[in-house]
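Notes follow once the structure below has been shown.
Only the coordinates and a few stated rules stand behind these numbers; no lab work does. These numbers come from a predicted model, not from an experiment. Quick reminder, even Gly has a Cβ in these numbers, built from the backbone with ideal geometry, and neighbours come from all protein chains shown.
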Amino acid sequence: MSESGYRILDEPRPGHLSHLIVRPFWPLLSLMLYGGWIAWPWLAFNAYALQGSSLRRELLLIAGALAAVVAIIVAVEVLEQTTGLPEWIYPYVRIGLIVGKITFGYLIYMSQERSVALYEHFAGPAQSGVFVVVAAWLADRFVVGLLASGPAILRLVLL
Amino acid sequence: MSDAIREREYGLVLACMRRGLIHKAVDGLKRILTEDPDDATAHALLAHCLVSLKRPHAALHEARMALTLDPESSQVHSAMGHALIANRKLREALRHLEQARDMEPESAQRALDLAGAHALLDERREQLELVARARELEPDLPEAIVAAGEIELDGGNVSAAYALAREALELEPEHIDALVLMGRCELRSGNIDAAREHAKWALSNNPEDVGALYLLSSIKARENPLLGLWWRYSTWMNERGSGMAILLLVGAFVVYRVAVQISIDAGASEVANVVQYVWLGICVYTWVGPVLFQRAVRKELGQVELARDF
């Protein structure tokens, strides 16, 4: 990527998928609009295509996001079965899930933004993710329908 | 790489750093390090460049490598101090900058570096003493005069700051920091056109100078209160670091969602609607605000004519 041999720690080393790198704003937007089913795989793919210094960290954050959401759901389930939870609390639990996802989304966005900025400095502008966002909008109803018939935990994690 | 070529390469790197051509300086340092990965000076200079490019993690990595290779160099400790400041590790940075100063007690620049760290820690007395010491050591050093001027300006003493900016500019008429200080004085006195001229003058010498860009942005913020609000919000967020910024944004989001939910639970759906419209307004403003602001600054930058020798 760089013209000389010495490589600075944070310089990405994009490989054969570099033409598919997008600015992380697009996966973050898709997380806000459609949920995790599109955003988490997209962020992971973008991190892999970039091969930045924070690749491991970003993949761990994605795993952490999924784990955190599952942990919240399991904790609520356990509390419900042991002590019983009032009905009014569920909308707030839902807010907690959204906040958890957005927090992790932002953390990954900020980490990836640095690598993409460096990539753009050396290799030119990254792709626009608008087509994927539009495709996700078209696919969203189908995915929601598909998940509606599946287990509730999957729905809560991926939507 | 022969000694002559290395010397030439270092000369180019230092010239680029002085002119603010940091990317070019980085390329030169990478060429030096490709030939000799154990060159502590190159690692230290690279750390300085990476701090300027706002790449704090890489800067710290380079500074650590330099420190491993040459722990007895004041330049290396200075680089480490700056890299730690960029990573918001101020106390640790202070220790390294103190070590650098102790290794070169007669260097005004080392005293100024240390004064900068004390300023960030809000330790005004130490900052004042060190700037005064730097001025004692090198009375004609524009950087020391500008540092003294900045202290005066921050303390609200605009006329003293003016005098110091003038003194620095008499010594070096194209000194970027002195031009920026003069511009800040003009802006503080309400002379927006004069402030703009100084910002543009500084930018003609280095279009990437952070201080000059900040001054130009402050001028635009003063001229347009609505966009100025975004500029102040953005500056305030930046000062807090990315972690705190995420926490604040997520906190605001939680407040919004909980407020909507409570309103709905209490049967006050009109209130929930108002809260949602306010949130939508904030989202649109924080999205459109930076775009318009950057466009305005870019338009202004487009009018800057680069100095002939740039």
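Using only Cα atoms and rounding to the nearest 10 degrees, what angle (0 to 90) does helix A:55-82 make with the longest principal axis of chain A?
It is inclined by approximately 0 degrees.
Separation of the range A:88-157 and the range B:140-211 by C-alpha centroid, Å?
When both Cα centres are located, 46 Å separates them.
Hey, got the average number of other protein chain Cβ atoms within 10 angstrom for residues in A:5-18?
Partner-chain Cβ atoms within 10 Å, mean over residues of A:5-18: 4.
Show me, for the range B:29-44, the HN-Hα J-couplings you get by feeding each phi into the Karplus relation (A = 6.51, B = -1.76, C = 1.60, θ = phi - 60°), rounded to Hz, glycine and proline as x.
Whole-Hz 3J(HN,Hα) from phi for the range B:29-44: 5, 5, 5, 4, 6, 5, 6, 9, x, 9, 7, 4, 4, 5, 4, 5.
Assigning unit charges at the beta carbon (Lys, Arg +1; Asp, Glu -1) and nothing else, what dipole magnitude in debye, to the nearest 20, does chain B show about its Cα centre?
Roughly 1400 debye, rounded to the nearest 20.
For the protein assembly as shown, what does the helix formula give at 222 nm: sum of -39500 (n - 2.57) over DSSP H segments with n ≥ 4, over the residue count, nearest 500 deg cm²/dmol?
It comes out at -26500 deg cm²/dmol, rounded to the nearest 500.
Can you give the angle from 0 to 90° between the axis of helix A:89-123 and the longest principal axis of chain A, with both taken from C-alpha atoms, to the nearest 10?
It is inclined by approximately 0 degrees.
Treating only the Cβ of Lys, Arg, Asp and Glu as charged (+1, +1, -1, -1), what charge dipole size does the range B:215-295 show about its Cα centre? Round to the nearest 20 debye.
The dipole of the range B:215-295 has a size of about 340 debye.
Tilt of helix B:90-103 relative to the longest C-alpha principal axis of chain B, in degrees (0 to 90, nearest 10)?
The two axes meet at around 20 degrees.
Taking R0 as 51 Å, what FRET efficiency do you get between B:Glu197 and B:Asp3 from their Cβ-Cβ distance, rounded to the nearest 0.05?
0.65
For the pairs B:Lys89/B:Lys299; B:Lys54/B:Lys200; B:Lys30/B:Lys220; B:Lys24/B:Lys200; B:Lys54/B:Lys299; B:Lys30/B:Lys54, flag any whose C-alpha to C-alpha distance is greater than 28 Å.
Correct reply: B:Lys89/B:Lys299; B:Lys30/B:Lys220.
Quick check on the range B:77-182: what does the Kirkwood estimate of hydrodynamic radius come out to from the alpha carbon pairs, in Å?
It is 13.8 Å.
Multiplying the sequence separation of B:Asp122 and B:Arg188 by 0.36 nm and subtracting their Cα-Cα distance, what value in nm do you get?
21.6 nm
Take B:Tyr285 and A:Phe142, extend 7 Å from each Cα along the Cα→Cβ direction, and tell me the distance between the two endpoints in nm.
Spacing of the two 7 Å Cα→Cβ label points: 4.1 nm.
Within a 10 angstrom radius of each residue's Cβ in B:135-142, how many Cβ atoms of other chains show up on average? Whole number is fine.
For peptide B:135-142, the averaged partner shielding equals 0.
With the dipole of chain A worked out from charges on the C-beta (+1 for Lys and Arg, -1 for Asp and Glu) around the Cα centre, which of A:Pro14, A:Met32, A:Val70 lies farthest toward the positive end?
A:Pro14
Fully extended, how many nm does the chain gain between B:Val210 and B:Asn238 (0.36 nm per residue separation, minus their Cα-Cα distance)?
Taking B:Val210 through B:Asn238 to full extension adds about 8.7 nm, to one decimal.
What FRET efficiency do you get for A:Phe45 and A:Val74 if R0 is 30 Å and r is their Cβ-Cβ distance, rounded to the nearest 0.05?
0.60
What is the fewest-to-most order of B:Lys54, B:Lys24 by other Cβ atoms lying within 10 Å of their Cβ?
By the 10 Å Cβ count, ascending, the order reads B:Lys54, B:Lys24.
Return the sequence-ordered ³J(HN,Hα) values of the range B:192-205 in whole Hz as given by the Karplus equation 6.51 cos²θ - 1.76 cosθ + 1.60 applied to θ = phi - 60°, using x for Gly and Pro.
The phi angles translate into 5, 5, 5, 4, 4, 4, 5, 4, 5, 4, 4, 5, 5, 8 Hz.
Using a 10 angstrom cutoff on alpha carbons, build the Gaussian network for chain B and name the most mobile of B:Val131, B:Val274, B:Val76.
B:Val274
Work out the length of the dipole vector of the protein assembly as shown about its Cα centre, built from +1 on the beta-carbon of each Lys and Arg and -1 on the beta-carbon of each Asp and Glu, and round it to the nearest 20 debye.
1880 debye
Cα centroids of the range B:17-63 and the range A:1-42: how far apart, whole angstrom?
About 25 Å separates the Cα centre of the range B:17-63 from the one of the range A:1-42.
Which three extents, in angstrom, do the Cα atoms of the protein assembly as shown have along their principal axes, listed largest first?
Extents along the principal axes: 76, 54, 45 Å.
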